[in-house]
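**Q** Sharing a structure here in structure tokens format.
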């Protein structure tokens, strides 16, 4: 399934145009749905107080991000056929308008749930599904590093944004926080991305005859796709569960909201390291071993949380370790998908993989929120997350990777 319809360019020329592709995708990633997902836990306590919701109810609303599982394959296919620019612009506008609605007209749990579901469904067009497409098509020798650079876009903004968002929410309320996110995405992210991204990276990648023939779903019959899907689901339980409840999980230990905001920033800092180190490792070492290692090491973050007390620095350190995995997972799955299945049907395959991963994401959100409401502690959920990480790391070993496909350097 390797795409050999495009000529290869010299390896050392990848960054001549590639730096613009990587930078634009990083900006889009840092100002889109990923940032909203990472900071959403900061809204939970003040939002719950105003709208009269319990922790489990907010967890159910957060679980509505499962609509991303429906949107991801569709968005992936549209990216394959229509190209980056059309999909990105349309979904960025929808996402920004949704955040504006959350900051103005949302006044009950039902409307909040609808807005979360809409943001998740259309947010796939601002996520790794769309943003990694021009990267994997353009880069070969430096693909892992380029994927890591795309990922650090949200790591940088998620380091800077939580303290700022904390003061905005404290002084002006949670609605002002959503309006700030909308302004950041529509006023900064969207225009900068369009300015920097080469127009050649926005063209469709599937041959017209292939597109008219319909969607190729033969990848669903391969063992390797389901190994990747299983690992993605297991990892999602641990990472999404943690970030969805990060702020309340830290405050449960008797720590302040300011410390919780710092923990969210530490999580993002761990992401930053995970994306760069993970991408660099994937370019230089056996990728299956790198994937297993990058999952096993951050598992120690949950060990720290389970063993630690109410020491602020220890909680912040644990959040950073867990963030290391969240940072590396996009690198891992985008890289392995391109290495195993090539580029011709990349968006469709990666979108389907992403969709199945949301099963784990939603499971993690529900488990972590219910753990506190029903058992009075996040410790049981943290122990489960540790187990799922260990199991997920084992699924990479049997993967069969094809030789690195010829890159599409015309993007």
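The values are calculated or read from the model by the stated rules, or taken from the named source; none is laboratory data. Remember, it's a predicted structure, so these values are computed and weren't measured experimentally. For neighbour counting, all protein chains shown are included, and Cβ atoms are generated from backbone atoms with ideal geometry for every residue, glycine included.
**Q** Residue under question is residue 110, and the condition is that it be assigned to a helix (DSSP H, G or I), touching a residue at least 12 places away in the same chain (Cβ under 8 Å) and within 25 Å of residue 355 (Cα to Cα); does it hold?
**A** no
**Q** Taking the conditions exactly as written (more than 14 Å from the chain's Cα centre (by Cα), surrounded by fewer than 24 Cβ atoms within 10 Å (Cβ to Cβ), on the phi > 0 side of the Ramachandran plot and touching a residue at least 12 places away in the same chain (Cβ under 8 Å)), does residue 342 satisfy them or not?
**A** Values: more than 14 Å from the chain's Cα centre (by Cα): yes; surrounded by fewer than 24 Cβ atoms within 10 Å (Cβ to Cβ): yes; on the phi > 0 side of the Ramachandran plot: yes; touching a residue at least 12 places away in the same chain (Cβ under 8 Å): yes.
Criteria met by residue 342.
**Q** If I filter the stretch 221-243 for residues that are at pLDDT 80 or above, closer than 21 Å to residue 291 by Cα, over 21 Å from the mean Cα position of the chain (by Cα) and outside any helix (DSSP H, G or I), do I get at least one hit?
**A** Within the stretch 221-243, one or more residues are at pLDDT 80 or above, closer than 21 Å to residue 291 by Cα, over 21 Å from the mean Cα position of the chain (by Cα) and outside any helix (DSSP H, G or I).
**Q** Output the number of residues of the stretch 15-45 satisfying the condition of being in contact (Cβ under 8 Å) with a residue 60 or more places away in the chain, within 25 Å of residue 271 (Cβ to Cβ) and surrounded by fewer than 19 Cβ atoms within 10 Å (Cβ to Cβ).
**A** Final tally of qualifying residues: 4.
**Q** Let me ask something additional. Quick one: is residue 350 closer than 17 Å to residue 391 by Cβ and either under 17 Å from the mean Cα position of the chain (by Cα) or part of a helix (DSSP H, G or I) (or both)?
**A** no
**Q** If you check every pair at least six apart or on different chains, which have Cβ atoms under 6 Å apart with a residue in the stretch 159-185 that is at negative phi and free of Cβ contacts under 8 Å to residues at least 40 places away in the same chain first and a residue that is part of a helix (DSSP H, G or I) and buried (at least 21 other Cβ atoms within 10 Å of the Cβ) second?
**A** Pairs that qualify, where the first residue is at negative phi and free of Cβ contacts under 8 Å to residues at least 40 places away in the same chain and the partner is part of a helix (DSSP H, G or I) and buried (at least 21 other Cβ atoms within 10 Å of the Cβ), are 168/177.
**Q** Hey, another quick one. Suppose we filter 135, 114, 156, 100 for residues that are within 20 Å of residue 272 (Cα to Cα) and surrounded by fewer than 24 Cβ atoms within 10 Å (Cβ to Cβ); which single one remains? Give the derivation first.
**A** Details: 135 fails: surrounded by fewer than 24 Cβ atoms within 10 Å (Cβ to Cβ); 114 fails: within 20 Å of residue 272 (Cα to Cα); 100 fails: within 20 Å of residue 272 (Cα to Cα).
Residue meeting the stated conditions: 156.
**Q** Here's another thing I want to ask about it. Looking at residue 324 and the list (1) in a helix (DSSP H, G or I); (2) buried (at least 22 other Cβ atoms within 10 Å of the Cβ); (3) in contact (Cβ under 8 Å) with a residue 60 or more places away in the chain, which single condition is not satisfied?
**A** Just one mismatch for residue 324, condition (3).
**Q** If you check residue 322 against the conditions, is it at pLDDT 80 or above and farther than 24 Å from residue 381 by Cα?
**A** no
**Q** Identify all residues within the stretch 169-178 that are under 24 Å from residue 320 (Cβ atoms) and surrounded by 20 or more Cβ atoms within 10 Å (Cβ to Cβ); write none if there are none.
**A** Within the stretch 169-178, 169, 177 qualify.
**Q** Could you give every pair whose Cβ atoms fall below 8 Å, whose first residue belongs to the stretch 392-411 and is over 14 Å from residue 336 (Cβ atoms), and whose second residue is buried (at least 22 other Cβ atoms within 10 Å of the Cβ) and at pLDDT 90 or above, counting only separations of at least 6 or pairs across chains?
**A** From residues that are over 14 Å from residue 336 (Cβ atoms), the pairs are 411/21.
**Q** Do the conditions hold for residue 148, that is, is it at pLDDT 85 or above, closer than 18 Å to residue 31 by Cα and either in contact with a helix residue (DSSP H, G or I) (Cβ under 8 Å, 6 or more places away or on another chain) or buried (at least 24 other Cβ atoms within 10 Å of the Cβ) (or both)?
**A** no
**Q** How many residues does the stretch 353-398 contain that are surrounded by fewer than 21 Cβ atoms within 10 Å (Cβ to Cβ) and part of a loop (DSSP other than H, G, I, E, B)?
**A** Adding up the residues that qualify gives 4.
**Q** Quick one: is residue 125 under 19 Å from the mean Cα position of the chain (by Cα) and at pLDDT 85 or above?
**A** yes
Yes/no matrix, rows are residues, columns are (1) in contact (Cβ under 8 Å) with a residue 24 or more places away in the chain; (2) closer than 17 Å to residue 228 by Cα; (3) surrounded by 24 or more Cβ atoms within 10 Å (Cβ to Cβ):
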residue: 273; (1), (2), (3): yes, no, no
residue: 279; (1), (2), (3): yes, no, yes
residue: 295; (1), (2), (3): yes, yes, yes
residue: 313; (1), (2), (3): no, no, no
residue: 316; (1), (2), (3): yes, no, no
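**Q** Sticking with this one: List the residue pairs whose Cβ atoms are under 8 Å apart, where the first residue sits in the stretch 224-235 and is buried (at least 20 other Cβ atoms within 10 Å of the Cβ), the second is not in a helix (DSSP H, G or I), and the two are 6 or more positions apart or on different chains.
**A** If the second residue must be not in a helix (DSSP H, G or I), the pairs left are 228/395; 228/399; 231/395; 231/396; 234/395.
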